[in-house]
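The values are calculated or read from the model by the stated rules, or taken from the named source; none is laboratory data. Just so it is clear, the structure is predicted and the values come from calculations on it, not from any experiment. So basically every Cβ, Gly included, is an ideal-geometry build from the backbone, and we count neighbours across all protein chains shown.
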Amino acid sequence: MNLDRTIKSINQCVRCGSCRALCPVFEQSGWESANTRGRIMIMKGLTCGLLPDSQVLDSLNSCTTCGLCTENCPAGINPPEMIESARRELVLQGKMTAQEADLSKNIFASGNTFADSRDRLSWLKERSLPPKKADYVYFVGCMNSYRYTDTAARTFSILRRFGATVLPDEQCCGSPLLRTGFDAQRFMDENCRQIEDTGAQTVITGCAGCYTTLKKNYPRNFHVQSVPEFLAERVSELDLLPLDLTVTYHDPCHLGRHNKVYEQPRQVIEAICRLKEMQTNRKDARCCGGGGGVRAGYRDLSLQMARRRLNEAPKDADFIVTACPLCIRNLRDGGGGAKVIDLVDLVAMAMR
Ligand code: SF4
Ligand code: SF4
């Protein structure tokens, strides 16, 4: 297997196992092949002729790309990046799980992760409203376009006050494809073309997966902001009513560890109500279990991780607030139910 770019990192791993104790997948499964160090050993094996059988695929594809290992690796390597690169090599060889094959087929056929043929902007009641030219583009993402349409509508009703528009034919940002090893150029090119047409210099998204992808995988022709960053800068202009609530905040991996957006969502929450931290938070926050294609491919494992994360919430919290629709879905399904809400939903409650 050609893993040239990652061989240096594989050799830099000193097998210390600091990552082993932290990997949320290992916490659930207990298999060495399901922790960071084991995955690195398997990648080394692949470079030496190990055949990518189903156990190898399970090892590499059960990583949520949470980045807890990166944060704590004394050798300074980035295991999720290495794992994504190994997944790319495997996909190039036609080796993938059935769930990955289905997911990619759906996206290539429909432009969204759900193979949903409905109008992506169905949540937008006044279709003539979004201007063609604008300073900001609200990039909605597949989850909020099709599953959490109320959150999409609430987000846009805030952002349009500041001059935002939406893309006329937004496509999946490409994150699920890129994270699982597929090529997403076609979708990135199409989204870029539409962003350019609006003349906007800034793209704002409420999805942590879209955020990482727009920021790190797209050409740097525009500034990318998460909704919490945008709201934190304008919190004094939002005319928020204080609420008698205690909430906690779950750091989405792709907003927190991957992009260091820790304080802005907390600033917005503290402008509204009391914030009580989860047992692990910021760079140490446990993963919800839903990322990296794990929810699609290993549902039980993913929900076990969600339950473990939910156990870290303060018992007296009225809501578990987060800033990623994938975290919301996994934490709700893991038992959090309606207690798990988007930061924008909290802001909407506090708007006069
Ligand atoms: S913490 Fe880093 S160096 Fe240690 S085993 Fe894990 S990946 Fe290797
Ligand atoms: S990114 Fe997270 S799930 Fe993947 S190997 Fe590292 S700690 Fe484990």
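Listed values, structure above:
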item	result
Residue satisfying condition, being within 12 Å of ligand 2 (Cβ to nearest atom) and touching a residue at least 60 places away in the same chain (Cβ under 8 Å), within set Pro80, Pro74	Pro80
Some residue of the range 103-114 being within 9 Å of ligand 2 (Cβ to nearest atom), at pLDDT below 95, of a type outside the set (D, E, K, R) and under 23 Å from the mean Cα position of the chain (by Cα)	no
Where a residue in the range 36-64 is without any contact (Cβ under 8 Å) to a residue 24 or more places away in the chain and its partner, wherever it lies, is charged (D, E, K, R), with Cβ under 6 Å and at least six apart	Gly38/Glu32
Qualifying residue in the range 39-50 (condition: closer than 25 Å to Lys216 by Cα, not assigned by TED's automatic domain parsing to the domain that holds Ala152 and not hydrophobic (A, V, I, L, M, F, W, C))	yes
Every residue from the range 46-70 that is outside any loop (DSSP other than H, G, I, E, B) and buried (at least 16 other Cβ atoms within 10 Å of the Cβ)	Leu46, Thr47, Val56, Leu57, Asp58, Ser59, Leu60, Asn61, Leu68, Cys69, Thr70
Test for Leu121: is it closer than 30 Å to Tyr146 by Cα, in contact with a Ser or Thr (Cβ under 9 Å, 6 or more places away or on another chain) and within 16 Å of ligand 2 (Cβ to nearest atom)	no
Residue match in the range 11-26 (condition: touching a residue at least 24 places away in the same chain (Cβ under 8 Å), more than 9 Å from ligand 1 (Cβ to nearest atom) and surrounded by fewer than 19 Cβ atoms within 10 Å (Cβ to Cβ))	no
Inter-residue pairs, beta-carbon under 7 Å, first over 19 Å from Met349 (Cβ atoms) and in the range 154-166, second among the small types (Gly, Ala, Ser), 6+ apart	Gly163/Ala134; Ala164/Ala134; Thr165/Ala134
Single residue of the range 71-89 satisfying the filter (surrounded by 20 or more Cβ atoms within 10 Å (Cβ to Cβ) and over 21 Å from Asp183 (Cβ atoms)) that is nearest to ligand 1 (Cβ to nearest atom)	Cys73
Residue count, the range 245-298 (criterion: closer than 17 Å to Leu231 by Cβ and part of a helix (DSSP H, G or I))	8
Qualifying residue in the range 310-320 (condition: within 16 Å of the chain's Cα centre (by Cα) and either without any contact (Cβ under 8 Å) to a residue 40 or more places away in the chain or under 22 Å from Leu231 (Cα atoms) (or both))	no
Test: residue in the range 92-112 that is in contact with a Lys or Arg (Cβ under 7 Å, 6 or more places away or on another chain), outside the structural domain of Cys327 (by TED's automatic domain parsing) and surrounded by fewer than 20 Cβ atoms within 10 Å (Cβ to Cβ)	no
Lone qualifier among Lys315, Lys276, Lys260 - being surrounded by fewer than 19 Cβ atoms within 10 Å (Cβ to Cβ) and touching a strand residue (DSSP E or B) at 6+ places or on another chain (Cβ under 9 Å)	Lys276
Residue ranges of helices (runs of 4 or more DSSP H) in the range 110-220 with at least 2 members acidic (Asp, Glu)	185-198
